[in-house]
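In what follows, a structure is listed as structure tokens, so that the remarks can point back to it.
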Amino acid sequence: MGTAEGRRRALAEGGSRVTEHISLVVNGSTRELDVEPRRMLVQVLREDLDLTGTHVGCDTSQCGACTVTVDGRAVKSCTMLAVQADGRDVTTIEGLANDGQLHPLQTAFWENHGLQCGFCTPGMIMAAADLLERNADPTDEEIRHSIEGNFCRCTGYHNIVVAIREAASAMRAGATAPNAARDAAGVVARSKAGTSAGSAASTTASTRP
């Protein structure tokens, strides 16, 4: 995390704001920032790194719209301090696509209409990515359990479960694994997966709400 020297530097520059210097890997690229210790990871992702596919829904860790993976595990980024991500590997919805090709989960959500408004979709997909990293052939019950911390107010969850099941099948058949895009090329996903509902971009929900 940041150092006492960094805090003294911030004060010496004439401001009362105290910052910590952090370095983390985001979607395959190393990023270094000076952040206030009180800021949440979701704020840094959206406001400092312009990764707006990570949504803010409740700010209380209830809805799951802000879900990303940290070191491969799903985390609600509205309740994780940015300084806690220092030295960690963070993947957002923008980093799932591989060289401009949608991730199997994104494709499955699109093809099975596992969304309507799309607001919850990035968090749903990131939670599912964590599941499929650990369990390549989950049952419907296991799928439902994995997304129980993610709220959808539109679809009733049925098509979401179908989409995750089909993505798991596609990945077992050899499609791109959840973490395959953890390199610099992964950021291409933002332009490829960001149009309207019913198109590939709905699966990234990259438009700022």
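Against the list (1) within 28 Å of PRO37 (Cα to Cα); (2) at pLDDT below 95; (3) of a type outside the set (D, E, K, R), the condition ALA82 fails is (2). Here GLN106 meets each of (1) at pLDDT 95 or above; (2) polar (S, T, N, Q); (3) surrounded by fewer than 24 Cβ atoms within 10 Å (Cβ to Cβ) with one exception, condition (3). Among the residues that make up the stretch 80-99, is at least one of them crowded, with 21+ Cβ neighbours inside 10 Å, free of Cβ contacts under 8 Å to residues at least 60 places away in the same chain and either of a type in the set (S, T, N, Q) or within 22 Å of VAL26 (Cβ to Cβ) (or both)? Within the stretch 80-99, none of the residues are crowded, with 21+ Cβ neighbours inside 10 Å, free of Cβ contacts under 8 Å to residues at least 60 places away in the same chain and either of a type in the set (S, T, N, Q) or within 22 Å of VAL26 (Cβ to Cβ) (or both). Once the stretch 84-125 is narrowed to residues that are outside any loop (DSSP other than H, G, I, E, B) and among the aromatic types (Phe, Trp, Tyr), the residue that is farthest from the chain's Cα centre (by Cα) is TRP110. Restricted to the stretch 142-188, and to residues there that are among the charged types (D, E, K, R) and farther than 27 Å from ASP99 by Cβ, the residue that is modelled with the lowest pLDDT is ARG153.
Candidates are the residues of the stretch 54-79 that are assigned to a loop (DSSP other than H, G, I, E, B) and aliphatic (A, V, I, L, M); the one that is surrounded by the fewest Cβ atoms within 10 Å (Cβ to Cβ) is VAL56.
The values are calculated or read from the model by the stated rules, or taken from the named source; none is laboratory data. Note that the structure is predicted; figures quoted are calculated from it, not measured. Virtual Cβ from ideal backbone geometry, glycine too; neighbours counted across all protein chains shown.
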